[in-house]
Each structure stands twice: as C-alpha cells, then as structure tokens.
1. Mean residue ellipticity at 222 nm from the helices of the chain, using -39,500 (n - 2.57) per DSSP H segment of n ≥ 4 over the full residue count, to the nearest 500 deg cm²/dmol?
2. Restricting to Cα pairs below 8 Å that are 6+ residues apart, what does the relative contact order work out to for the chain? Please round to a whole percent.
3. If you project the alpha carbons of the range 73-195 onto their three principal axes, what span does each projection cover, largest first, in Å?
4. If I compute solvent accessible area with a 1.4 Å probe over the protein chains, what percent of it on the chain is carbon and sulfur?
5. Scan around L102 for amide H atoms under 5 Å from its own, H built in the peptide plane at 1.01 Å from N, and keep only partners 5 or more places away or cross-chain.
6. Which percent of Cα-Cα pairs in the range 40-94 sits in each 5 Å bin, short to long?
7. When the solvent-accessible surface of protein heavy atoms is calculated with a 1.4 angstrom probe, in what order do Y180, Y36 fall, highest first?
8. Among A205, A216, A120, which one shows the highest mean-square fluctuation when the chain is modelled as a Gaussian network with alpha-carbon springs under 10 Å?
Amino acid sequence: MMSPRSGLFVVVEGIDGAGTTTHSKRLVKTLARAGYDARLTCEPSSGPIGSLIRQVLSHRVIVAGDSGPRGLGWSTMALLFAADRLDHLDSFVLPALADGALVVSDRYDLSSLAYQSVTAPPGVEPMGWIRELNVRAARPDLTLVLDVSPELAAERRKSRGGAEELFEKADVQARLAAVYAHAETIVPSDRVVHLSSEGDADSVAAAVLEVVTRAATERGIRPSPR
C-alpha cells in the first residue's frame with residue numbers, strides 16, 4: 001500500500017454539515033479548470049463495501065438485537081470502513097497518485113478515528129485498534145479540517161432535507177466537533193490544516209483552494225499549459 005507516488009493526496013474532513021462534500025467537489029472542479037489533473041473520490045466509496053456502508057448509514061441495513069432491530073455496532077463499522085478504504089486505495093487512489101494526479105477525498109481514516117471513537121461504549125478506548133486496522137492505509141499529504149459549530153451544521157443538515165442518518169444525532173455531532181478540534185493530535189504524523197467553514201461558501205472555497213495549490217506547488221505539481 002505504500003507504493004511510490006508523484007501526485008498529491010488531499011483529504012477534506014469535518015462533522016456532518018461542515019461542507020466536506022460541497023468543498024471537495026468545488027475544489028476538484030476549480031483545479032480541473034485551472035489545468036490540474038484533479039480527481040475526486042469519497043468515503044464510503046462507490047465500491048461493493050462502500051455501497052453496503054451507505055445502506056447502513058441510511059438505516060436500510062439493520063441486524064437483530066436483544067431489544068429489536070438495530071444498526072451495526074461501532075466495531076463492525078470500523079472494520080467495514082477499513083476494508084472499504086484499503087480496497088479503494090488499491091483500485092483508485094494509489095493508481096491516480098502514481099499517474100501524478102491531485103486526488104481529493106471527501107473523508108478518510110480520520111473519520112473512522114473520530115466517528116467510531118465517539119460511538120464506542122463508555123470505558124472502551126478504540127483509537128489504538130482503529131489505527132491498527134488502518135496501518136496499511138497510505139497517509140494523506142494534506143488533511144483539511146473544516147471547522148463549524150454543531151448548531152450551524154445542524155441547520156445546514158436540516159435545510160438540505162432527507163432522513164437523519166446514523167451519526168447525525170445532535171449529541172454525537174457535538175462530540176465529533178470536539179474531536180475534530182484537535183485532529184492534529186489524533187493523526188500526529190499527518191499535515192493537518194484547520195479552516196473555518198462558517199463563512200459564505202465562496203470565501204471558504206477560496207481558502208481551501210489557496211491551501212491546496214500551495215501544497216501542490218511545494219510538491220512540484222503545476223497545472224498543464226493550455
């Protein structure tokens with residue numbers, strides 16, 4: 001999983017409603033227009049394991065429990081996300097990086113460390129185990145954490161409509177915000193940059209673009225001449 005790369009691997013992270021999907025898509029479109037070989041991906045992926053995870057998140061897959069049907073437990077979710085991640089790295093991310101592409105992923109293993117840690121039972125310390133599950137996952141070159149208050153994020157989720165997903169309860173999101181606030185201590189070997197996503201979308205997009213293009217330039221990646 002640690003094959004050589006000539007591209008740049010960028011991850012966008014944050015709580016639900018922080019704008020990770022919006023700004024990942026905007027970033028790739030802007031980079032592509034500027035002449036970069038920019039490729040968008042996301043977690044869960046569109047592969048077979050990722051498709052199963054999406055069904056779990058939207059409550060379409062449940063299992064029998066002592067008190068009735070329930071969603072999958074935190075440890076099962078951690079295993080599924082790790083399996084999806086390694087499969088997706090092998091099939092999409094690493095080949096794109098070997099091509100010299102600028103790969104932007106909407107979420108990565110920081111999401112596993114955050115989400116599974118706040119949903120684990122009291123007294124369980126899951127971080128070390130989740131890190132072991134992901135030990136063969138290639139490290140990002142840059143992780144952007146979009147910081148937003150849980151209250152504003154909740155307003156955004158409400159405005160976009162749809163049923164509440166597995167992790168979108170207010171108390172879970174508040175705990176997630178606290179974890180993401182010190183993300184750099186959770187993935188200490190990674191380059192983590194915090195950006196506020198509480199402003200208007202254009203201002204946030206501009207800030208994201210500035211950080212990523214600077215990292216690309218440092219790596220020697222430049223847009224192709226038109």
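The values are calculated or read from the model by the stated rules, or taken from the named source; none is laboratory data. Computed from a predicted model, the values in this text were never measured in an experiment. Every residue, glycine as well, gets a Cβ built from its backbone with ideal geometry; the counts of neighbours run over all protein chains shown. Surface areas here come from the heavy atoms of the whole protein model, side chains and all, with no ligands, DNA or RNA. Shrake-Rupley method; radii C 1.70, N 1.55, O 1.52, S 1.80 Å.
1. -14000 deg cm²/dmol
2. 33
3. Principal axes ranked by extent give 40, 33, 28 Å for the Cα atoms.
4. 55
5. Placed amide hydrogens put L8, D37, A38, R39 under 5 Å from L102.
6. 4, 20, 27, 22, 12, 8, 4, 2, 1
7. Ranked from most to least accessible, the order is Y36, Y180.
8. Of A205, A216, A120, the most mobile in the Gaussian network model is A120.
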